[in-house]
Every structure is written in C-alpha cells, then in structure tokens.
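A.B. asks: Have a look at this one.
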C-alpha cells in the first residue's frame, strides 16, 4: 500500500506536476520547533521526530465545496493497491485512478501536529488567528472511500486543538493544542476500505477556506488487507 506522489487530480490539463501543495504527502525527518511559517511546513512539533524513529509523513490539503457536494480531490489520500500503484487518469472522470485496488481495514495511525500548524494555532501568523482568541478549534478528519475515490459515508475525526467549551467533551481537549504523538483508532472507517482521504476542518475560515495551516504528521499506520 504505497503512499503515492500522484499528479493533481482536480484540474483538467494538470497544470501542477506534484500533489503535495494541493493534497498529498512528503516523507520528512525535520524537527524544527520554532519556524512558524510555510518554509518550515515539513517539521513535526516533536523534538525526537517520528513516533518510533526519525521519519514520518506530513499530509497537506483539505476538501473544497463543489456545488452542492464536497470534493476531496485536494486531500492527501492513502490507497490500498497492488505493487504497481495507482496512476491518475484525467481523461476518465469515472475512473480517477488505474491499477488493481484492494480493500481492507485501517486499524490505527499515530498523529502529531506539525510545527507550522501548532505555532499558527498558538500565536496566529497574520492569516491564521490564534485559536485561543476566538474560542476556536481544528481537527483532522479521516474519510473512508471506495476504489473510485467515492466516500463510503464513514469518517473518523480527531481534534488537534480546541478552545471551544462546547467541544471539550468530544475533543478531549480543554483550551489546549494537542502535543506529542497520539494513537488514533481508525476502526470506525469500516472493514472494507480501499482509500482514505485526510481532510481538515476548523473554526478559523476565511474567503479562501481554512486559515489554519492544513497539515498533520502521521506515523505507524496499521492496516489489515482483505484476502
């Protein structure tokens, strides 16, 4: 189940070659905990790096409104697929990827804030507001999908920060930003999942979408592929 560096899926003609800036992953071992801007977008807010070793991945991107529906094309996605991997097929909107798909259960994943997101949520950055000033919140949402990248309707949400008293119980956070690596149970996505999109939701929203930098560090994904 490779994490693929796919071409951008959502614009016909594919003007951008790499997906990270519009929904994708990078592998990193950066641990700069003071750089507060986009030039430090690949650092985890954890001095020792990943959960069990130095390396981890950073997911970037979030869903956008598309008429009456929501498009997940700009979300990073993890595909269960054969060893040849998926390739984007821009000419066939009903078949967003080619390659042999597999189904399975996404059991769990370890999650940590990135430095860029953490410091933006803590102090603001001229675009994003400090969440404590607005009783704000921010969370990552894992979205189960089938082989055609269509949502199954099952999601798992995990709060990365919360300063809203009405969300203290559901978030498990009381006026705080989450620190360190934390294990997230993904069994709520179901046992017949082909693709998982990593989406974000937050209270700090402007004319162009979420102001909070839409990044999260992930490590030690545990899955079981169906026979």
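Read the figures in this text as sums done on the coordinates, not as results from a lab. Remember, it's a predicted structure, so these values are computed and weren't measured experimentally. Quick reminder, even Gly has a Cβ in these numbers, built from the backbone with ideal geometry, and neighbours come from all protein chains shown.
A.B. asks: In nm, to one decimal, how far is the modelled label at residue 135 from the one at residue 47, with both set 7 Å along Cα→Cβ?
C.D. replies: Label at residue 135, label at residue 47, 3.6 nm between them.
A.B. asks: How much length, in nm to one decimal, is gained on full extension between residue 55 and residue 175, taken as 0.36 nm per residue of separation minus their Cα-Cα distance?
C.D. replies: Value of the extension gain: 40.2 nm.
A.B. asks: FRET efficiency for residue 165 and residue 123, Cβ-Cβ distance as r, R0 = 22 Å, nearest 0.05?
C.D. replies: Efficiency, rounded to the nearest 0.05: 0.55.
A.B. asks: In addition: According to the Cα gyration tensor, what semi-axes, each the square root of 5 times an eigenvalue, does the equivalent ellipsoid of the stretch 20-225 have, listed from largest to smallest in whole Å?
C.D. replies: 27, 19, 17
A.B. asks: Between residue 221 and residue 152, how many nm apart are label points set 7 Å from Cα along the C-beta direction?
C.D. replies: Once both label points are built, they end up 1.5 nm from each other.
A.B. asks: Report the per residue volume, in Å³, of the convex hull enclosing the C-alpha atoms of the stretch 122-190.
C.D. replies: 126
A.B. asks: If you find the alpha carbon centre of the stretch 164-227 and of the stretch 139-162, how far apart are they in angstrom?
C.D. replies: Centre-to-centre distance over Cα atoms comes out at 8 Å.
A.B. asks: Can you bin the stretch 16-59 into rounded, prolate or oblate? Criterion: square roots of the alpha carbon gyration tensor eigenvalues sorted a ≥ b ≥ c, rounded for a/c under 1.5, prolate for a/b above b/c, oblate for the rest.
C.D. replies: oblate
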